[in-house]
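Some notes on the structure that comes next.
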Amino acid sequence: MGRLRRFLRICVTMGVIALIVFPAISFAEVSYDKYTPTWKYPKAFQPGEANRQNRQQFMLRILEQPIRPFGYGIGETAEWVERHHIDKKTIWFFDELSERGIHPKMRISQSKGTGPALELELDKLFKFTNEYFSLKTFEGAGVIPNDSGLSYDFGGSYRLNLPPEIPTYQETVIYYDRKTSQNFFGIGQNTSLGDWSTYAPEELKLNTLMGVKPTEQIEGKMGFVFQHMNIGNGRRERVGKIKEHFMNADIPGISGGDLIGLETSVAHDTRDHQDDPKKGGIQKLQFGYFHDVDSNDFQYLQFQGSLAHFFSLGSDRRVLALRFHLEKDQDVGNGNIPFYNLPRLGGVTSGQESELLRSYRHNRFIEKGLMLADLEYRYSIWEYGDCGADAFLLTDVGEVFKEFSGFGFEELKGSYGGGMNIKFRRKTVLTIVWAAGNEGSRLSMQTKASF
Amino acid sequence: MKRLINLEKKERVRLWQRAVTMSLIFTFSAWGLVPVNAVTVQELDQTIKGQEISFYREFFEKVLYKPVSQFLRLDWIIDKATMRKHSALDVNIYDEVPDSGFFTNRHGKKRLSKEELQRGANQGSGPKPEGPWAVLKGKASGVTPGLVIQDLAGDRYLLKFDPQENPEMTTSSEIISQKFLHAIGYHVAEYYLVQFLPDILKVNPQTTYYNKDGFKKPLTKEALTDLLSDVPKYKGGKVRASASKMLPKPNKGNSDLEGRNKKDPDDLIPHENRRSLRALRVFGSWLNHYDLREGNTLDVIAEENGKAYIKHYLIDFGSTLGSSAYRSKVPAATHENVVDWFETGKAMGEFKIVQKPWEKRWDKNDRLIADNSIGYFDNLYFNPGRWKTQLPHEVFERLTVSDAFWAVKIMIAFSNEDIQAMVDTAEYSKPETAKLLTDILIARRDLIAKDWFDRMTPLDDIQLSIGQKVTGEVQFTDLAVKAGFVKAEETSYRYRLTSGSCHAKKGIMYQEFKSPSFSFQMPDPGKKNCSVLEIQVKRVGQSKWSCPPAKILLSSPSGEAKNIISDIDHGL
């Protein structure tokens, strides 16, 4: 009995011990050091394997090897630029020039070609700065594609300001402009691409005017114009020469001529930024009368009106830009209008000779009247600090006509396309435009937004 | 006799075998103790050629050259075509990163005390503010004004200042980020916050600096006054600066973030395949360190246990948090690379029907910066997975789920109090600034962790216990539950054991369970099979199980009759 009791006691004790110990010993934890350098891929730590990987990578990148020296060279140059602070020195150099009134530029223009330009503020350069007087000169040179010559222009201007309480000024501009080839397809709305020829204008122009700016937004001008023009054959290769191709046509002004005229204009500008408007608009009216001073029998009136408005669509990163432009020249007393002063359509820049019709060649259509509507949807695609870029979708619709009665919707020429404005501190430094229309598509670049 | 000779021969062979085995064992056991490529500092200094990589060079290479040249790289084309991802190679079988010249496990391995966190990498107390400090030169590179000084103890420091419009911003960014990156495990220099009167700076006629126009000029008293004129002044005309102690020489310049230094005997893994570097993208997204690039690294020759090795430092934290060193970060920063071809192309095709996230954020902030002392830093429209550095780097693009898991695991080891303690080291003059920054960093830590945890199976501390007979038990910690992002009762788990051919997984049923442990039938350790435990997690409200699953590879070491964990993998 005692044995049995002892046995039972032992059993109970063992059971209790088992109950306590069993859970602990039933699952023995396999401990490990989480940070042990027992590598998952030990092979990767063998020098031979590392070298083999390098060789394999070299072979897989064999196609890249020919361009590597270029990449290396540019990389070294970039390194050198930063190491020697060339960037800062360059900015300093241009700031110094600017402070002295010297403004070098790079110009990409359809009519003037691609090349350098320079503007000099003589009053700053020669240190006779005066708030009532400023004096400038400007010059530039450029090469037009497929043209063997060099186009260049130079000129000067002065401006006399009255005291600030009288917001009036007097300005005179004189310049010489020689272009080696400008397109000419004949006059009229149905000219043919087959009549593509070029002329070389050589122009001397004087414009002296009185201006008044009663508010920041309104500006009026009235002035006198003298123009001397020589016309020669263009130097563009593989296209016709104006004086040969249009030998039998009666093109007014084909031999050039001298003109005087009176011009007056008024502009109302409510844009929030001149180079990169997000809202507001600009309206401009211009009227002029011109008369020859030689035996060319030029006598005509000129009218120009343009209206542009910029709408932010919910955000200033979406802008709808609308522009309407109308020009009409009217001969007086059976006088002629020289072809080089007629309204022109075709090209990628507004306000400079030939108006916007971006899928067509520069100067594509020339006639006495011009009507044009441009629509652009601009939207921001990149912005990082001072740099940015807008993409845009565009459509231009325009027509040249002899008389208003000759305007017909069926004759409208159109362009559609898109592009990109690359900007620095909201100033466009490069514009790339692709546009298509009835005469094919065109890709162009310039250093100025279209409008 | 012949038999005896034979026996002796066998014995001799056995002896040889034992000797070879012993020598191998000795060699491998000594691997951890005695460096394989034991070289001296001098040897390493002579072998390794230093390099300095400027921002412009990196900009050209990463923004212009690589986007073009990668189309000529067959490895890149194959990777893109097959959507292949690369596992990090500097990891051990438990999916951790052992200590190396790139990284030392600190707060993630063992919690640092508040004092240790606040001390960071600092060994001393910095330059004494009473001076005098000899100005050795003006800082040559970078965009912020800087001075190299030497204090009375002979230590050299680089002083950096705040921009006038953003008092305390750049200096605080440097101080705080250095503390965080050190606690995380990166090698960083000593950084001290100093406030001093400008007249303790002593210049000598030989001292030069580069002026804002890039010309080398003598640093005269007048020039120094001019240099400090744009720096905010505090009580009593004091100037505030961050003083980073110059790292010891010899240093070998900047480190590459791609490829490896073939002259460095320890540098065998291409840097783009190092988890410790890839994960900088996650840590960078937390600290908003968008200037992570080669130019902000420094290789220093160090010596430990008689072995010289390259210690890879991170330097320059002036562009962290809301700062971009000389001004607040621009609105697009960290959402896009400085030139982001993909985002720009995408924006072009979207016609601005929708605004970009950074644009919405900027507009929502009324295009204003809330606190000039912090700069532009908040969590509005913050998408951790799409956070970007200033320049694109392959190493950050290679970040895998496993890499991110590792980084997030370290991040959530920082408690709210830890974060507050480190922010306090910036000594903001306004307590509300410190509070705001602390709140942003706490919220950002949680946003990053939640975002990455949603893309993986966030199980850690996986332990295998072997029971009697053939039963095994796995215990783990669900980090999302531990961090308080989800409740334990709202979580379900499931596992399956695939054994035999790794490709015949179809039809193997999952077993569901609720608690973070489960028992399973151990595979026969005698067979040379591929036995993988796959564990997945599902939260209430989720329709799918987590993917990729956490995988535990079981195997038995030769000669042992039990399975152990031989690999943990959180997926690519």
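Electrostatic tally near A:Gly437: other residues with Cβ closer than 15 Å to its Cβ, Lys and Arg +1, Asp and Glu -1, net -1. Positive contributions from Lys and Arg (+1) and negative ones from Asp and Glu (-1), summed over other residues with Cβ under 11 Å from the Cβ of B:Ala443, come out at 0.
Once the Cα atoms are used to define both axes, helix A:2-26 deviates from the longest principal axis of chain A by about 20 degrees. From the alpha carbon centroid of the stretch B:112-178 to that of the stretch A:141-176 is 54 Å. Cα centroids of the stretch A:58-102 and the stretch B:417-470: how far apart, whole angstrom? The stretch A:58-102 and the stretch B:417-470 have Cα centres spaced 42 Å from each other.
Per the 1.4 Å probe, what fraction of the accessible area of the protein assembly as shown, in percent, lies on carbon and sulfur atoms? Accessible surface attributable to carbon and sulfur in the protein assembly as shown totals 58 percent.
Among B:Ile552, A:Phe128, B:Phe60, which residue has its Cα furthest toward the positive end of the charge dipole of the protein assembly as shown, with +1 on Lys/Arg Cβ and -1 on Asp/Glu Cβ? Looking along the dipole axis, the top candidate is B:Ile552. Going from the isolated chain to the complete set of protein chains, the stretch B:268-294 loses at least 30 Å² of heavy-atom accessible area (1.4 Å probe) at B:Leu268, B:Ile269.
Inter-chain neighbour count for B:93-100: the average number of beta-carbon atoms from partner chains within 10 Å of each residue's beta-carbon is 4.
Please state, to two decimals, what the Cα-based radius of gyration of the stretch A:100-446 comes to when divided by 2.2 N^0.38 Å (N = residues).
Taking the Cα Rg and dividing by 2.2 N^0.38 Å, one obtains 1.01.
For A:Lys413, which lysines qualify as cross-link partners when the Cα separation must be under 29 Å and same-chain residues fewer than eight apart are set aside? Partners found: A:Lys112, A:Lys179, A:Lys241, A:Lys243, A:Lys278, A:Lys279, A:Lys284, A:Lys328, A:Lys368, A:Lys402, A:Lys448, B:Lys352. Can you tell me the orientation of helix A:47-60 relative to chain A, as the angle in degrees between its alpha-carbon axis and the longest Cα principal axis, to the nearest 10? Once rounded, the angle reads 30 degrees. Bridging of B:Lys307 to lysines at a Cα separation below 22 Å is possible for B:Lys49, B:Lys249, B:Lys252, B:Lys262, B:Lys263, once same-chain residues fewer than 8 apart are set aside.
Give me a single rounded figure for A:37-48: the average over its residues of other chain Cβ atoms within 10 Å of their Cβ.
For this peptide, the per-residue mean of nearby foreign Cβ atoms is 6.
Per the accessible-area calculation with a 1.4 Å probe, the total area buried between chain A and chain B rounds to 6500 Å². Ligands, DNA and RNA are left out, and with a 1.4 angstrom probe the accessible area of chain B is 47 Å² per residue. Using the Cβ of A:Gln330 as centre and a radius below 10 Å, the other residues enclosed give a net charge of -1, where K and R count +1 and D and E count -1.
Do the sum for chain A: with -39,500 (n - 2.57) for every DSSP H run of n ≥ 4, divided by all residues, what is the mean residue ellipticity at 222 nm, to the nearest 500 deg cm²/dmol? Walk me through the numbers on the way to the answer.
Numbers: 6 runs with 77 residues, N = 451.
Helices in chain A give a 222 nm mean residue ellipticity of -5500 deg cm²/dmol.
Note on the protein assembly as shown: dipole from Cβ charges, positive end direction compared against A:Tyr360, A:Phe185, A:Phe407; the farthest Cα belongs to A:Tyr360.
If you average the alpha carbon positions of the stretch A:327-394 and of the stretch A:197-238, how far apart do those two centres end up, in angstrom? The two parts, judged by their Cα centres, are 16 Å apart.
The values are calculated or read from the model by the stated rules, or taken from the named source; none is laboratory data. Keep in mind it's a predicted model, so treat the numbers as computed, not measured. A quick note on method: Cβ atoms are made from the backbone with ideal geometry, for glycine too, and the neighbour counts reach across all protein chains shown. Just so you know, the surface numbers come from the protein's heavy atoms only, side chains and all, with ligands and any DNA or RNA stripped out. Shrake-Rupley method; radii C 1.70, N 1.55, O 1.52, S 1.80 Å.
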